[in-house]
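The values are calculated or read from the model by the stated rules, or taken from the named source; none is laboratory data. Remember, predicted model here, so these are calculated numbers, not experimental data. So basically every Cβ, Gly included, is an ideal-geometry build from the backbone, and we count neighbours across all protein chains shown.
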Amino acid sequence: MPRAGEWSKRTDIILVIISVVILSAALWTWVSAMPVAREIVFLATTIALVISLVLVLNVAVLVVIRLQRRVSHLEGMMVTSDATETPPEKVLVVTLTNTERRIINRLEENGGQMAQDELRRATGLSKSTLSVTLSTLERKSLISRTESGRTKIVTLERDVSR
């Protein structure tokens with residue numbers, strides 16, 4: 001029993017052969033209709049047009065089959081890549097503002113965890129600027145904040161590449 005790849009190769013070859021045969025028939029019809037009356041030339045031209053449309057249809061089918069084969073190949077690759085463990089996602093610092101970048105850098109320098117007060121002193125930011133920026137980083141799922149007594153502990157959740 002032929003595999004799916006062999007069937008698609010056979011289908012490609014069959015479509016190409018059919019296209020060549022139809023093109024040859026169109027050319028033969030065109031050449032043989034030259035010395036004939038106008039009515040027959042009109043008929044021959046119509047036949048050649050129909051044959052050309054069949055050729056275009058064959059090429060379209062060939063393209064669709066190839067696209068389906070590529071999509072199924074990519075889906076197969078996705079299934080196999082999902083089965084293997086992937087490292088944690090990296091977030092580019094380029095997409096962060098300068099303030100966000102400063103906070104991330106200080107957290108990385110201190111092992112990924114700092115008290116919010118310490119972070120404010122280390123970055124030199126005001127309380128309100130730090131709070132707003134930390135909320136933005138939380139929405140981006142880069143950090144988390146947990147309460148510890150009267151202060152909050154800021155933890156870096158994701159590895160951020162430079």
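Here are a few things to note about the model shown:
- Residue within the range 152-161 that is modelled with pLDDT under 85, of a type in the set (Asp, Glu) and not in a strand (DSSP E or B) present: yes
- Residues satisfying the criterion are present in the range 91-104 (criterion: surrounded by 10 or more Cβ atoms within 10 Å (Cβ to Cβ), aliphatic (A, V, I, L, M), outside the structural domain of Val20 (by TED's automatic domain parsing) and modelled with pLDDT of 90 or more).
- Contact map, the range 142-162: residues that are more than 17 Å from Arg120 (Cβ to Cβ) paired with residues that are of a type outside the set (Ser, Thr, Tyr) and assigned to a strand (DSSP E or B), Cβ distance under 6 Å, separation 6+ or inter-chain. Pairs shown: Glu157/Ile143; Arg158/Val91; Val160/Val91.
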